[in-house]
Amino acid sequence: MADKRKLQGEIDRCLKKVAEGVEQFDDIWQKVHNAANANQKEKYEADLKKEIKKLQRLRDQIKTWMASNDIKDKRPLVENRKLIETQMERFKVVERETKTKAYSKEGLGLAAKVDPAQREREEARAWLTDSIDSLNRQVDQFESEIESLIVGTKKKKLDRDRQERSEELQNWVERHRYHVSKLETVMRMLDNCSLETDQVKELQDGVAYYIEENQEPEFMENEFLYDDLDLDDTISKKHKQLPTHRLEHLTL
């Protein structure tokens, strides 16, 4: 009983820090968008980054508790994790805007000096980074839903519908991680000049289709997307398997 009270006290303190951190984040976020000059905005963006890192550490702690069988009512943990993830999305928007403006400013000043091939390589790398970020965000959403399914039942065993949905989401988590690993390999090869930008461009339509349409009922994945590239096979064979409900579409 004493251990449970101690644990609950730790959780309450953590959730209080989340509320305070989100309030502080929101305050700094407003200052970023109301900054009078570039130097002031840069300072607030740095403060915003520090604050989001604090919230991410709290999120890691919350995820640890969510995996514990000692905590029965995990709804407050789920809600606070989602609250933190909302701030993470807001920060990514600010970060993306900062990078875009930096590239634009650099492009205006150095356009005549930049090698066109180098510019294409940088654009390809930026696309790879954005694609990996999008996949990782979807993975976070899938994992959050899996946890919600587990938290939302009082039974030791999930009912059939929840179990099937949980397994489907886990398949997508594994599939997304497969693509993340492949794209990270592509990025390394691009950085090492062992892959041409044209080869990366050939991936863009297929990867964009996967990211945007993977949850649509009629989605059909191209499992040969990376076959034309000489990539190291760093993913285990089980990650190469399509989710079973998609294989059923292929065999119809």
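On full extension of the chain, what length is gained from residue 163 through residue 205, given 0.36 nm per residue of separation minus the C-alpha to C-alpha distance?
Stretched out fully, the residue 163 to residue 205 stretch lengthens by 11.8 nm.
For the ranges 92-98, 125-131, what's the packing order if you count other beta-carbon atoms within 10 Å of each residue, average per peptide, and put the highest first?
125-131, 92-98
Mind scanning 43/182; 49/82; 63/92; 17/92 and naming the pairs with a C-alpha gap bigger than 25 Å?
Beyond 25 Å: 43/182.
Which aspartates and glutamates does residue 50 reach when only Cα atoms under 16 Å apart count, and residues fewer than 8 places away in its own chain are ignored?
Straight-distance partners of residue 50: 20, 23, 26, 27, 42, 60, 85, 89, 95.
Summarise the accessible area of segment 143-232 (1.4 Å probe, protein heavy atoms) by the percent that is carbon and sulfur.
Carbon-and-sulfur percentage of accessible area, whole number: 43.
The values are calculated or read from the model by the stated rules, or taken from the named source; none is laboratory data. Computed from a predicted structure; not experimentally measured. We place every Cβ from the backbone using ideal geometry, glycine too, and count neighbours over all the protein chains shown. Quick note on the areas: whole protein, heavy atoms, side chains included, nothing else; ligands and nucleic acids left out. Shrake-Rupley method; radii C 1.70, N 1.55, O 1.52, S 1.80 Å.
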